[in-house]
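To keep things clear, I will list the structure first and then write my remarks on it.
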Amino acid sequence: MLRRKLTVVILLSALLIPSFAYGQNVYTAPPEVIAKIKDEGMNRSQVMQTLSYLTDVIGARLTGSPALLNANNWTKDTLAKWGLQNAHTEAWGPFGRGWTLKSFNAEVTAPYNIPLIAYPKAWSPSKSAANADVVYLDVKTDADFDKYKGQLKDKIVLISDVRETKADFDGMGRRFTDEELAKMEAATPPTPGGQGQGQRPQGQAPQNFQQLQQVAAKRFQFLLDEGAAVVVDSSRTGSGGTVFVQGATVVQPPQVQGAPPTRLSPQQKEADGKILPQITVATEHYNRIIRMLQQGTKLKMSVNIQSEYNDKDPMAYNTVAEIPGSDPKLKEELVMLGGHMDSWHAGTGATDNAAGVSVAMEAVRIIQALGLKPRRTIRIALWSGEEQGLLGSRAYVKQHLGEMKGAGNQFGPRDPNAPKPELVKGAEYDKFSSYFNLDNGTGKVRGVYLQGNEAVRPIFKAWLAPFNDMGAKTLTISNTGGTDHLSYDGIGLPGFQFIQDTIEYDTRTHHSNQDVYDRLQADDMKQASTIMAAFVYQAAMMDEKMPRKPMP
């Protein structure tokens, strides 16, 4: 998922809470139905088999890659095999080119051999640099560049500072404490119009922050102009060989004054010649190299990156399938659920987000296996392009449900002086009830972010009640950001993300080489699937659609 941010701000008067929240007749499924969902989900689960195929067999699923297309087709066929109807893939885009790593190795070769834990950045071009000299580019001001002019051609260049690591006395894995959950429950309503992206922290930035930003922007252009062979940085966090690595940096074209800003992404063919070969090294190995250089040691390295751009099809795809509604009056209405299939490349995208995909798939499998007949149509959507900016879900919502014209960045706070955006409804906007998303890793469900929609509190409280003994009972009015429910929330539709225990998400797995099957928690995945099945089924059985919060 994209970096998660939680916004908790001003308290709204209780008078503003829709009376619907207090006067409605809340639908709950009969206890025997919930008992069957629990039994199927906890005792005959297939969620871990699904997870193993997505991660172990298909592997990393970078947007645009053949592996992601393989995942699209396998999930489509699997959902059809389970009896879902209209299973298909939907194109969106153009996204651009994909990228596949064919082979890679990196090592220090002199004064002696040091194998390195390292990974290329996605969309890095191929490069074979054997026994190249190593240089540490230590620039903090514009003047610092001068001493490196003419010194970097065909060199392997290190650009990160040493990052201090400390012993982990508390352990990486954790669950929410009762105190933390209580604090979430007591949160005040978010600012109207903020769909989940956090505000900038208050306080002064470092005095030289702007200068450092300007230097960083110049650094890759300088490296390109000087003819560096390979650019090396340190994992931004992590320890013990965990490497957090994402996409390659592109040297951006000069901005023309008065013209709309332009920005190249690495998946664009126009970025050719503007991307240097780039790798990220585990912090402990990177720090050692820097210290050796600072001791006056002359180092050589060999780096071999063999990669392939996948540019035959510039489109990307979402997988979609349905359990048709059974009520003649309500079957045209929609309840949706999903997660994103795309991942980064160093791991196998297990916690981010084969977990959410497999839980959503297991939820519809449970409903289908029990022969339940939802009144509304239940539609599962498995997204691509989430890691590049919620692209797949945003494209789907625009095509099927609508868009906010003139909204600019619809996922963050708006300029109060900007013209009011206009909602343009799509064909299914008024038929839509709700969307449920899972994308916070492998942890068990602890409740739901209400996303500022107080009217759904009594509904979700009733639906969580049978699962309180499984640890799921927290409802927070707060927004949460960074994933696909925002595509719905951004146009005023009820889109929700489940609260999950963080486990090792930020400390070990999120966008790292350790995002693999073995970091998944099977019991948590079963619990999450069961709760999602119950929520989706009950939303499809309500007399009315899910209440919507007022548009900002």
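The values are calculated or read from the model by the stated rules, or taken from the named source; none is laboratory data. Fair warning: this is a prediction, and the values are worked out from it, not measured in the lab. Note: ideal-geometry Cβ built from the backbone for every residue, glycine included; neighbour counts use all protein chains shown.
For every residue, the table says whether it meets (1) farther than 15 Å from GLN221 by Cα; (2) outside the structural domain of THR442 (by TED's automatic domain parsing); (3) free of Cβ contacts under 8 Å to residues at least 40 places away in the same chain; (4) not β-branched (Val, Ile, Thr).
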site	(1), (2), (3), (4)
VAL108	yes, yes, no, no
ASN113	yes, yes, yes, yes
ILE117	yes, yes, no, no
SER126	yes, yes, no, yes
ASN131	yes, yes, no, yes
TYR136	yes, yes, no, yes
ILE159	no, yes, no, no
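Annotation note: of GLU386, GLU362, the sole residue that is among the charged types (D, E, K, R), crowded, with 21+ Cβ neighbours inside 10 Å and within 30 Å of PRO120 (Cα to Cα) is GLU386.
The combined condition, being within 22 Å of the chain's Cα centre (by Cα) and modelled with pLDDT of 95 or more, is fulfilled by MET341. For the range 405-426, the count of residues that are surrounded by fewer than 24 Cβ atoms within 10 Å (Cβ to Cβ), of a type in the set (A, V, I, L, M) and touching a helix residue (DSSP H, G or I) at 6+ places or on another chain (Cβ under 7 Å) is zero.
Only one of the listed residues (ARG394, ARG379) is of a type in the set (Lys, Arg), in contact with a strand residue (DSSP E or B) (Cβ under 6 Å, 6 or more places away or on another chain), closer than 21 Å to GLY492 by Cα and touching a residue at least 24 places away in the same chain (Cβ under 8 Å). That residue is ARG379. Applying a threshold of 8 Å to beta carbon distances and a minimum spacing of six or more residues, or different chains, the list of pairs starting in the range 445-458 at a residue that is farther than 20 Å from ALA533 by Cβ and ending at one that is modelled with pLDDT under 95 and of a type in the set (D, E, K, R) reads GLN451/LYS549; GLY452/LYS549; ASN453/LYS549; GLU454/LYS549; ALA455/LYS549. The criterion of at least 2 residues that are closer than 19 Å to HIS400 by Cβ and modelled with pLDDT of 95 or more is met, among strands (runs of 3 or more DSSP E) falling completely within the range 410-504, by 422-425, 432-437, 495-500.
Residue-wise test of (1) out of contact with any strand residue (DSSP E or B) (no Cβ under 8 Å at 6 or more places or on another chain); (2) surrounded by fewer than 20 Cβ atoms within 10 Å (Cβ to Cβ).
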position: SER126; (1), (2): no, yes
position: LYS140; (1), (2): yes, yes
position: TYR148; (1), (2): no, yes
position: GLN151; (1), (2): no, yes
position: ASP154; (1), (2): no, yes
position: LEU158; (1), (2): no, no
position: ARG163; (1), (2): no, yes
position: ASP168; (1), (2): yes, yes
position: MET172; (1), (2): yes, yes
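Taking the range 505-519 as the range and being in a loop (DSSP other than H, G, I, E, B) and under 15 Å from the mean Cα position of the chain (by Cα) as the test, the residues that pass are HIS510, HIS511, ASP515. A single member of THR78, THR55, THR63 is in the same structural domain as ALA369 (by TED's automatic domain parsing) and farther than 23 Å from GLN521 by Cα, and it is THR63. With respect to ILE305, determine if the residue is β-branched (Val, Ile, Thr), surrounded by 19 or more Cβ atoms within 10 Å (Cβ to Cβ) and out of contact with any helix residue (DSSP H, G or I) (no Cβ under 9 Å at 6 or more places or on another chain). So ILE305 fits the description; yes. Of the set (1) within 27 Å of PRO324 (Cα to Cα); (2) assigned by TED's automatic domain parsing to the domain that holds SER384; (3) outside any helix (DSSP H, G or I), all apply to ALA533 but (3).
Restricting attention to the range 104-132, the residues that are within 26 Å of the chain's Cα centre (by Cα) and either part of a loop (DSSP other than H, G, I, E, B) or hydroxyl-bearing (Ser, Thr, Tyr) (or both) total 6. For the range 258-299, filtered to residues that are of a type in the set (S, T, N, Q) and surrounded by 22 or more Cβ atoms within 10 Å (Cβ to Cβ), the residue that is farthest from ALA110 (Cα to Cα) is GLN267.
Based on what the data block shows, is GLU270 in a helix (DSSP H, G or I) and over 23 Å from VAL162 (Cβ atoms)? In short, yes. Checking each residue of the range 465-473 against the condition of being closer than 20 Å to ILE380 by Cβ and of a type in the set (Phe, Trp, Tyr) gives no match. With the condition kept exactly as written, say whether any residue in the range 96-109 is at pLDDT below 95 and of a type in the set (Ser, Thr, Tyr). No, the conditions are met nowhere in the range 96-109.
For the range 313-346, a tally of residues being in contact with a Lys or Arg (Cβ under 9 Å, 6 or more places away or on another chain), surrounded by fewer than 16 Cβ atoms within 10 Å (Cβ to Cβ) and closer than 24 Å to ARG394 by Cβ returns 1.
Given the conditions (1) among the acidic types (Asp, Glu); (2) more than 30 Å from GLY238 (Cβ to Cβ); (3) crowded, with 24+ Cβ neighbours inside 10 Å, report the number of the one that ASP543 does not fulfil. Every condition holds for ASP543 apart from (3).
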